[in-house]
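Trainee: Before I ask anything, here is the structure I am working with.
Readers should treat all values here as calculations from the given coordinates under stated rules, not as data from a laboratory. As the structure is a prediction and not an experimental result, all values here were calculated from the model. Methodologically, a virtual Cβ is constructed for each residue, glycine included, from the backbone with ideal geometry; neighbour enumeration extends over all protein chains shown.
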Amino acid sequence: MAAWIWRYEDEQGGVVEGPAAPGFDNRSDAESWLGETWRELGQAGVHQVTLLEGDRVVYGPMGLDPV
């Protein structure tokens, strides 16, 4: 089974480094983790994220700016 991971991106969609994130066994765990850490990611310079299952894009990019 492929791991679910978040790819960190800048405003233009370029990949950026951010705080280490675990790989997740399922989408629900990945989404819960993001819900708990999105503010910290934004403060670390991550502008948006894309959810991947292995190499497949599940959805994104999703902005991290508060609405």
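Trainee: Cα gyration tensor of the stretch 4-63, axes a ≥ b ≥ c as square roots of the eigenvalues: rounded (a/c below 1.5), prolate (a/b > b/c) or oblate?
Mentor: Oblate is the answer for the stretch 4-63, as a/c is 1.5 or above yet b/c matches or exceeds a/b.
Trainee: While we're here: With 10 angstrom as the radius, rank 65, 29 by how many other C-beta atoms surround their C-beta, starting from the fewest.
Mentor: 65, 29
Trainee: Right, here's the next one. Explain nothing, just compute: Karplus ³J(HN,Hα) = 6.51 cos²θ - 1.76 cosθ + 1.60, θ = phi - 60°, for every residue of the stretch 10-20 in order, whole Hz, x for Gly and Pro.
Mentor: Working through the residues one at a time gives 8, 4, 8, x, x, 5, 10, 7, x, x, 4 Hz.
Trainee: Just want the ordering: 59, 8, from fewest to most Cβ atoms lying within 10 Å of their own Cβ.
Mentor: Going from sparsest to densest Cβ surroundings: 59, 8.
Trainee: Ok, one more. So between residue 3 and residue 44, what do we pick up on full extension, going 0.36 nm a residue minus the alpha carbon distance?
Mentor: 12.4 nm
Trainee: Also: Between residue 11 and residue 32, what length comes free when the chain is fully extended (0.36 nm per residue of separation minus the Cα-Cα distance, one decimal in nm)?
Mentor: 5.3 nm is the gain from fully extending residue 11 to residue 32.
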